[in-house]
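Inspection log for the structure reproduced underneath, given as structure tokens.
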Amino acid sequence: MGRPHGVGLALMCAAALTFSGTADAAPKSPRLQTYGKFTPGAAKKAQTYVTTAMTVPMTDLLSQASQLKAEAMLTYGLGLELGRAPATREMSPNERARVQAVFKEMLILYVRAKDDINLTGSETILLDQPDFWILMARSLSFRERTPSLYLDNPDGSGTVITTDANIITASDGKQYSLVGQPLLDASRVSAAQSCVIYARAEARMQKVQTLDASAAPHLSTEKLSEYKQSAKALGANARRFGTDACGNSNYYKAVRAYASLNLGKLGLLTDDPSALVDLIPDSE
């Protein structure tokens, strides 16, 4: 009964999602409220990030991300958001330990100033979470001038004490921080993240519309039909806002098609051979 339960969960989650917003403002649902604003120009430029997330091997992206390359951190997170398999699955124990060390140091930086969280080093699950990498990419900045204290000594000399609490050093010696001016343009990051979220959301809603009743025997015909109608409406809204976030309709459809290949458990469910996905016409 594992699969039917998964269907119900996926459908209920889908029905709970709401999409609203404009091209220059983040949608107001809980899932999307922190994405930030983006402009049409930023959406066009963000296509480079999304294309990289769909085409470059995940192992390459994660390798670069672990070296604190902001674009790689972003595109690796976008790849995970699109349903690609985490590169950690193919890593040796030593490689994973190296990435884990970077991840833990970054997480400590992020929570140090605001939360009293005791990190144990067992939070490896976050390595495979897209939000973690996108958030880090959104926040990463070059090291700013290190704060210092000048202490007067009795002999008239002074001692400079530097504080490196917010600094992380990459393997190439460059130093970064999670405070200060971000390396990546926030508008482009928001557009790229919104583009992949909406594209995958509609791909999933398309799948829901084609489910055969045998894939959800615990649902009545009426309830399954209700879920499919909800999926239709949610998919239409995802397309509406996703087209803006992706820059244009053709690119959005390309991202959606890619996302449809990586739907996870939902993609394994039986299709109704007579089902047709009822979509509103594309609009440029």
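The values are calculated or read from the model by the stated rules, or taken from the named source; none is laboratory data. Since the structure is predicted, the reported quantities are computational estimates derived from the model, not experimental observations. Glycine also receives a Cβ, built like all others from the backbone with ideal geometry; neighbour counts cover every protein chain displayed. The protein model used for the area step is the full one, side chains on, heavy atoms only, and it has no ligands, DNA or RNA in it. Shrake-Rupley method; radii C 1.70, N 1.55, O 1.52, S 1.80 Å.
Pairs from the list K44/K228; K207/K253; K37/K228; K44/K174; K44/K207; K104/K174 with a Cα-Cα gap above 26 Å: K44/K228; K37/K228; K44/K174; K44/K207. Could you calculate the FRET efficiency of A85 with T221 from 1/(1 + (r/R0)^6), where r is the beta carbon distance between them and R0 is 45 Å, rounded to 0.05? E between A85 and T221, to the nearest 0.05, is 0.80. One decimal place: the segment L268-T55 gains 74.4 nm when fully extended, by the rule 0.36 nm per residue minus the C-alpha distance. If you wrap the tightest convex hull around every Cα atom of the range 61-100 and split its volume per residue, you get 54 Å³. Only protein atoms count toward the accessible area here, which uses a 1.4 Å probe; on the range 178-276, the carbon and sulfur part of that area reaches 51 percent.
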